[in-house]
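Data first, discussion second: the structure below is written as structure tokens.
The values are calculated or read from the model by the stated rules, or taken from the named source; none is laboratory data. Everything quoted here is computed from the prediction, not taken from an experiment. Because the Cβ atoms are built from the backbone with ideal geometry, glycine has one as well, and the counts that use them run over all protein chains shown. Surface areas here come from the heavy atoms of the whole protein model, side chains and all, with no ligands, DNA or RNA. Shrake-Rupley method; radii C 1.70, N 1.55, O 1.52, S 1.80 Å.
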Amino acid sequence: MSMEDYDFLFKIVLIGNAGVGKTCLVRRFTQGLFPPGQGATIGVDFMIKTVEINGEKVKLQIWDTAGQERFRSITQSYYRSANALILTYDITCEESFRCLPEWLREIEQYASNKVITVLVGNKIDLAERREVSQQRAEEFSEAQDMYYLETSAKESDNVEKLFLDLACRLISEARQNTLVNNVSSPLPGEGKSISYLTCCNFN
Amino acid sequence: MADNLPTEFDVVIIGTGLPESILAAACSRSGHRVLHVDSRSYYGGNWASFSFSGLLSWLKEYQQNGDTEEETAAAWQDLIHETEEAIALCKKDETIQHTEVFCYASQNSGDSVHEIGALQKNASSVASSTFTEPLPSAELPEERHSYVTNNEMPAKHASESDSKISVEEGDVEESPEKEKYCGDKTCIHPGSDGDKVENKPIVDDDNNQLKRNVITYHQMVQESRRFNIDLVSKLLYSQGSLIDLLIKSNVSHYAEFKNVTRILAFREGKVEQVPCSRADVFNSKELTMVEKRVLMKFLTFCLDYEQHPGEYQDFQQCLFSEFLKTKKLTPNLQHFILHSIAMTSESSCTTLDGLKATKNFLQCLGRFGNTPFLFPLYGQGEIPQCFCRMCAVFGGIYCLRHTIQCLVVDKESRRCKAVIDRFGQRINADYFIVEDSYLNKETCSDVQYKQISRAVLITDQSILKADSDQQISILIVPPVEPGASSVRVIELCSSTMTCMKDTYLVHLTCESSKTAREDLESVVKKLFTPLTETEVDKEELRKPSLLWALYFNMRDSSGVSRSSYCGLPCNVYVCSGPDSGLGSEHAVKLAETMFQEIFPSEEFCPPPPNPEDIIFDGDDKQADAPGTHTTTVANLESPEESKKLESPLQS
């Protein structure tokens, strides 16, 4: 397809523990499929879906972790130039929720500080096995200044909404940026550096 | 660890440097099951890049390398069967030596008021009695003095004036804090001449307002993430094998590049821009009309020198520098061609090699911009990671912070059959690729290494001011003594995403003859002044100031042949660390050769299916992805592809 048939192109990146349903969310959204019990995604770098919002064509390039999250070995370049991050956990898995701060640290370190982050609690179809209450997640997302949503890739609950809302935000953000003359985007870095004891740091 | 590693693979790769990462991508792309591990917590090994804080902690790790106890690892000796023997892998990385750090930026963080007060008092009391020469500003004696006060290095002292040395001596007694610091250093770093730190504390607030915005050490730490400081300093030749591989394999999708904007030369104590493209030559204000004509004529000849053997035949065995003298080129043009365009040695390069190098340079011009080089945004350290991503996309499994303890060799077949990791887990594979720093001393007992001398500088302005402050420049400083190695200087601006705003990141590289500081300090002094010695009133003429400097030596194993390693089984392959060259052609060639040795009939890094095709071809095709080859090949030429590489250049 040529470059001209869309008005906006955004890179959306999924992160979160292995097995929380990141790939399922992407597949459900881009292809309308829910492949149960699918293994790792081989050979697919990112998926594309073009949506129309208020008459404008928005091309979403959605990147998956390629399994590198399994042993906490995601490459930094994965985060670079992402316009939005979808930080996913599994509402039936406490552990996947408890790892969120670790993921936020990575985001802070490598992603642009203009990136929009959405917290997603997936697998609400398994409500009877819920381990993470909605309230806890809401509090957490509020404290971290993130947008929050619960989804089911299986039942297709909120999946469209997740991506379309995100697209809307990205558009309005992009418009604002062009208004402010698109000054070079600063990187994240307000304060929270990992304070290593430095060899110069003696006084 | 949330998960156990699988234990059956086709290829196990240890180390995530560039050649290992390219191999990982190639093997995985061909459908082989790849495990790629690194004992470090970061990608790239000696090809890595770091944030400022990350670099400081990397330094600390090397300084403590001697006395860190190996974490409790499962004993592997009992896990070796009778029919097997083990080759232990090295636990300590010994590829980095002679690290020396100098901080010139103010370390006044605003919250250590007491410390600063003490130093100021200290400084003025001595300064008043010692400095007799007139000083341009009331603040300056304090500044200069405190720089000396905290300078503990004998080597540095030698270069200071006598009066300063006497200041320093007098000061030691008055500064118990200082002595304590020295004591600490000795403890941490016994018997090493490594790491020195100079504290340059005070830039007075009043003074600050008069001057430009002076970056402090505190700011650099705070903005740490804006730095991406490469351990190796390289560029990509725009017609080089790495660019070709990146494009062919689609790995270029994961990175963005900027064009190097200037080729510089250092001649008669001055930095000047080298005109190298046709447009440059014609627009040059420095060259006379005659020079322009002669230079254009020579460059045009170089582009197809093979067609004009008569021009150079008699000089084939002569030095290129001698040949240039016969071409009516003025001395500055000869310098430009020899050092900045051909980038060859005055005393050893033959005419034929010189012409070849010049032609290569000219051919690389204009593919992406008007210099032959590209630089990856966020640093060279991104490139290995991009190949790792490609490997992972095709099913490769990644595990950083994962130490492999030994290779397990079958006594009868003399083949390596497995590795044992730090949990005592046995991981089986057919082929093993090991980065050379993981090999133990016995394996490497016959190996002779070269060394690379490196300096990393953070400075406050460009070595050659221009209309735009966002320049990426390369400068070759020829050796003072013939036969010594020339020094390559690459200066990066903040829009390369490798340093914070209002700073420049400068990389110096040369083949070592001594320690990195001994090899490079003279060039650093020619181009920069320490922040403290900046002459405030000569703002226009002054050299850029050094805010921070690091020197280190890195082992160069690129010349080591496979046969120099003792006792390695034939299915264990060794990748070398970075070489000192400007491009990454060595790493690409190594990876490709090794891949073809292991899998002779398979294609090296063919283009993957285009993700967009998967979507548009229909519902669920990703499983048989390789089937979409033809579309992808066509896609290589599509506007989208070239855009990827070109778009950053236009900005």
query = Taking segment B:358-404 only, how many residues are touching a Gly at 6+ places or on another chain (Cβ under 8 Å) and of a type in the set (A, V, I, L, M, F, W, C)?
reply = 6
Search result, residues across segment B:317-343 that are open to solvent by 20 Å² or more (accessible area, probe 1.4 Å) and either touching a Phe, Trp or Tyr at 6+ places or on another chain (Cβ under 6 Å) or of a type outside the set (S, T, N, Q) (or both) = B:318, B:319, B:322, B:325, B:327, B:328, B:331, B:335, B:343
note = Within segment B:284-311, the residues that are surrounded by fewer than 15 Cβ atoms within 10 Å (Cβ to Cβ), under 30 Å from residue B:544 (Cβ atoms) and charged (D, E, K, R) are B:285, B:286
ask   = Just one of the numbered conditions (1) surrounded by 20 or more Cβ atoms within 10 Å (Cβ to Cβ); (2) modelled with pLDDT under 95 is not true of residue B:564; which one?
value = (1)
query = For segment A:63-97, which residues satisfy the criterion of being aromatic (Phe, Trp, Tyr) and either in a loop (DSSP other than H, G, I, E, B) or free of Cβ contacts under 8 Å to residues at least 40 places away in the same chain (or both)?
reply = A:71, A:79
request  = For segment B:428-446, indicate whether the set of residues that are touching a strand residue (DSSP E or B) at 6+ places or on another chain (Cβ under 7 Å), within 29 Å of residue B:599 (Cβ to Cβ) and within 14 Å of chain A (Cβ to nearest Cβ) is non-empty.
outcome  = no
request  = Look through A:94, A:56 and report the one residue that is away from chain B (no Cβ under 14 Å), over 14 Å from residue A:119 (Cβ atoms) and open to solvent by 10 Å² or more (accessible area, probe 1.4 Å).
outcome  = A:56
query = Residue check: is residue B:396 within 14 Å of chain A (Cβ to nearest Cβ) and among the small types (Gly, Ala, Ser)?
reply = yes
query = Can you pull out the residues in segment A:1-18 that are within 15 Å of the chain's Cα centre (by Cα) and either within 9 Å of chain B (Cβ to nearest Cβ) or at pLDDT below 90 (or both)?
reply = A:17, A:18
Within segment B:58-78, tally of residues that are crowded, with 17+ Cβ neighbours inside 10 Å and either assigned to a loop (DSSP other than H, G, I, E, B) or modelled with pLDDT of 90 or more (or both) = 4
query = For segment B:82-105, what are the residues that are away from chain A (no Cβ under 14 Å), under 26 Å from residue B:514 (Cα atoms), hydrophobic (A, V, I, L, M, F, W, C) and part of a strand (DSSP E or B)?
reply = B:96
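Yes or no: residue A:87 open to solvent by less than 10 Å² (accessible area, probe 1.4 Å), more than 10 Å from chain B (Cβ to nearest Cβ) and either under 18 Å from residue A:149 (Cβ atoms) or in contact with a strand residue (DSSP E or B) (Cβ under 7 Å, 6 or more places away or on another chain) (or both)?
Against the criterion (open to solvent by less than 10 Å² (accessible area, probe 1.4 Å), more than 10 Å from chain B (Cβ to nearest Cβ) and either under 18 Å from residue A:149 (Cβ atoms) or in contact with a strand residue (DSSP E or B) (Cβ under 7 Å, 6 or more places away or on another chain) (or both)), residue A:87 qualifies.
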query = Name the pairs: first residue in segment B:212-235 and at the interface with chain A (Cβ under 7 Å from one of its Cβ atoms), second residue assigned to a strand (DSSP E or B) and surrounded by 23 or more Cβ atoms within 10 Å (Cβ to Cβ), Cβ to Cβ under 6 Å, at least 6 apart or on different chains?
reply = B:217/B:103
query = With respect to residue A:66, is the statement that it is open to solvent by less than 30 Å² (accessible area, probe 1.4 Å) and in contact with a helix residue (DSSP H, G or I) (Cβ under 7 Å, 6 or more places away or on another chain) true?
reply = yes
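Going by the conditions given, is residue B:388 touching a helix residue (DSSP H, G or I) at 6+ places or on another chain (Cβ under 8 Å) and either within 14 Å of another protein chain (Cβ to nearest Cβ) or in contact (Cβ under 8 Å) with a residue 40 or more places away in the chain (or both)?
yes
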request  = Considering each residue of segment B:479-493, count those that are in contact with a strand residue (DSSP E or B) (Cβ under 8 Å, 6 or more places away or on another chain) and either within 21 Å of residue B:450 (Cα to Cα) or open to solvent by 20 Å² or more (accessible area, probe 1.4 Å) (or both), and give that number.
outcome  = 6
ask   = Is there any pair with a first residue in segment B:56-76 that is small (Gly, Ala, Ser) and a second that is at pLDDT 60 or above whose Cβ atoms are under 7 Å apart and which are 6 or more apart or on different chains, and what are they?
value = B:73/B:403; B:73/B:405; B:73/B:422; B:74/B:422; B:74/B:423; B:74/B:424
message = Residue under question is residue A:101, and the condition is that it be without any contact (Cβ under 8 Å) to a residue 40 or more places away in the chain, open to solvent by 20 Å² or more (accessible area, probe 1.4 Å) and part of a loop (DSSP other than H, G, I, E, B); does it hold?
response = no
query = Within segment A:128-183, which residues are under 17 Å from residue A:25 (Cα atoms), part of a helix (DSSP H, G or I) and either of a type in the set (Gly, Ala, Ser) or touching a Cys at 6+ places or on another chain (Cβ under 7 Å) (or both)?
reply = A:167
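Pick from segment B:244-283 the residues that are hydroxyl-bearing (Ser, Thr, Tyr) and either within 13 Å of another protein chain (Cβ to nearest Cβ) or buried (at least 22 other Cβ atoms within 10 Å of the Cβ) (or both): which of them is farthest from residue B:591 (Cα to Cα)? Lay out the reasoning, then the answer.
Narrowing segment B:244-283 to residues hydroxyl-bearing (Ser, Thr, Tyr): B:249, B:252, B:254, B:261, B:277.
In the following step, the residues that additionally are either within 13 Å of another protein chain (Cβ to nearest Cβ) or buried (at least 22 other Cβ atoms within 10 Å of the Cβ) (or both) were identified as B:249, B:252, B:254.
Working: B:249: 14, B:252: 17, B:254: 20 Å.
Result: B:254.
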request  = Output the residue which, of all residues in segment A:106-127 that are assigned to a loop (DSSP other than H, G, I, E, B) and modelled with pLDDT under 95, is surrounded by the most Cβ atoms within 10 Å (Cβ to Cβ).
outcome  = A:111
inquiry  = Would you confirm, using the coordinates I've provided, whether residue B:314 is closer than 17 Å to residue B:237 by Cβ, acidic (Asp, Glu) and surrounded by fewer than 19 Cβ atoms within 10 Å (Cβ to Cβ)?
reply    = no
